[in-house]
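Accompanying notes for the structure given below.
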Amino acid sequence: MRMPLLNLYGRLVTNLEIDETIKLDGLTAYSGIMTKGKQLICRRCSSRLEFSKNHLQGKRYYCTQCIILGRISSATTLYTIPEPNLFTTWKKSPLTWDGQLTSQQEACANEVRQIFAKPAARHLLWAVTGAGKTEMLFKGIEAALMDNKRVCLASPRVDVCIELFPRLQAAFNEIDICLLHGKSTNPYKYTQLVVCTTHQLLRFQEAFDVMIVDEVDAFPYAQNKLLLQATTQATKKGGASLYLTATPSEELLREVRLNRLTVSYLPVRFHGHKLPEIKVVFEKSWEKKIKKGHLPKKLVLRINHWLKRDDPFLVFVPKIWLLQPVMQAFKKKFHNLKGETVYSEDPDRLEKVKAIRSGEMRYLITTTILERGVTFANLDVFVLGADDKTFSTAALVQIAGRVGRNVNRPYGDVIFLCSNYTVTLKKAAGQIKTMNRKARRLRV
């Protein structure tokens, strides 16, 4: 099937994806791999490559860095058409969301709208988990769309994109929105509003007037030069960039201190209640008990308490290999409870998340894949081995942030089991308490 020309607007498409007959005026072509001195440069991801490590037969070369999106080699030609912003002229607002923001959310939303209107603006929206960051974007996106700008909302995590997509569809239900991620089966289409993973940004070139990166501190985006380059490449020169997070990295905060990044700050949740604080419990040799087929005593006591109500819960483990032993111990002790394990490469991960939301399952035993970007009503969490190096301060704060997000149940248990009270644990607990103190002052 012939590719529509508009699918090349602001997008990098290989010669294998394009119909040869559409090479018309206005179509720009690039060699997939360029040579610069003694180095090779990938035209799609800008990675610098070594001749000796990236060669194919016949003196051809390829890029190993962006191969997850399909191979780029010296035999590849990339095509694009500069982004023309050929969109519907909006005579009335495309925003169909009729919710209400709090006064604090409204202040942040107004700042976001102003940022989207400023050339080359860079801004951090730092708001606690459950503050309603997505809703605070709506007015800014509305203004950008009505100004004929192209907008992208990107996240490092597939799960986050899948969560955001229906919320944006509901908020802007009269426009087409394209969802792009590695597991998507729907073909790409040219739309004014795009939701995608940060990896998918490598397929764009100066396409977006407004770039929003959600969970900017999350793996695999944080400290990943390839994905940082993808964000820059996909944004127009003079485009606005907005970064969202509840747990900014030290690098982001340094950018703020150096006045390279402006910031909006919101330490209170949308429902006005405080963040559930961490309760640390100690139990030595809990891992040995798991290996012997038994659950730690502190976990059993907590689950027995949770059984008095019907709410779901998550149990986080620091290592993938612990999933099955913990699951077997669960089945042995609580055989009437229905639950599953979940991890990043689990092919059924999305279905399992849906099952716990619908009440079909009571619990999930999970790695850090569910630390952020997913929302469950009336949730409690328990972390096994919270002192393990796998759990960063940001990860622990995000895990705690899964709890108490529902206005009808703005509380819940956040239990961290460990053998030692580490600096990371202390920082996480301290950060949540600090946010709650700031929230109290703001409410006063």
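A short reminder: the numbers here are calculations on the coordinates, not readings from a lab. Remember, predicted model here, so these are calculated numbers, not experimental data. Using ideal geometry, Cβ is built from the backbone for each residue, glycine included, and neighbour counts are taken over all protein chains shown.
Structure notes:
- Relative to the longest principal axis of the Cα atoms of the chain, the long axis of helix 225-234 lies at roughly 50 degrees.
- Farthest toward positive dipole pole in the chain [+1 Lys/Arg, -1 Asp/Glu at C-beta], among L27, M146, T424: T424
- Region 105-262: C-alpha gyration tensor shape, a/c 1.5 cut-off, then a/b vs b/c: rounded
- Cα-Cα separations in region 5-80 greater than 20 Å, expressed as whole percent: 31 percent
- Helices in the chain, meaning DSSP H runs of at least 4 residues, each add -39500 (n - 2.57). Divided by all residues, the mean residue ellipticity at 222 nm is -9000 deg cm²/dmol.
- Among the listed pairs K291/K332; K288/K426; K118/K149; K288/K319; K389/K426; K92/K139, those beyond 21 Å (Cα-Cα): K288/K426
- C-alpha long axis of helix 423-443 to longest principal axis of the chain, angle in °: 80 degrees
- Karplus-derived HN-Hα couplings along region 125-135 (A = 6.51, B = -1.76, C = 1.60, θ = phi - 60°), whole Hz, x at Gly and Pro: 9, 9, 9, 4, 4, x, 7, x, 4, 4, 5
- Packing-based ranking, highest mean first, of 374-384, 397-407, 248-258, 415-425 given that Cβ atoms within 10 Å are counted: 397-407, 374-384, 415-425, 248-258
- Angle between the chain longest axis and helix 297-306 axis [Cα atoms, degrees, rounded to 10]: 80 degrees
- Dipole moment magnitude, nearest 20 debye, region 3-161 about Cα centre, only Lys, Arg, Asp, Glu C-beta charged: 740 debye
- Which of M136, M3 has the fewest Cβ neighbours within 10 Å, and the rest in rising order: M3, M136
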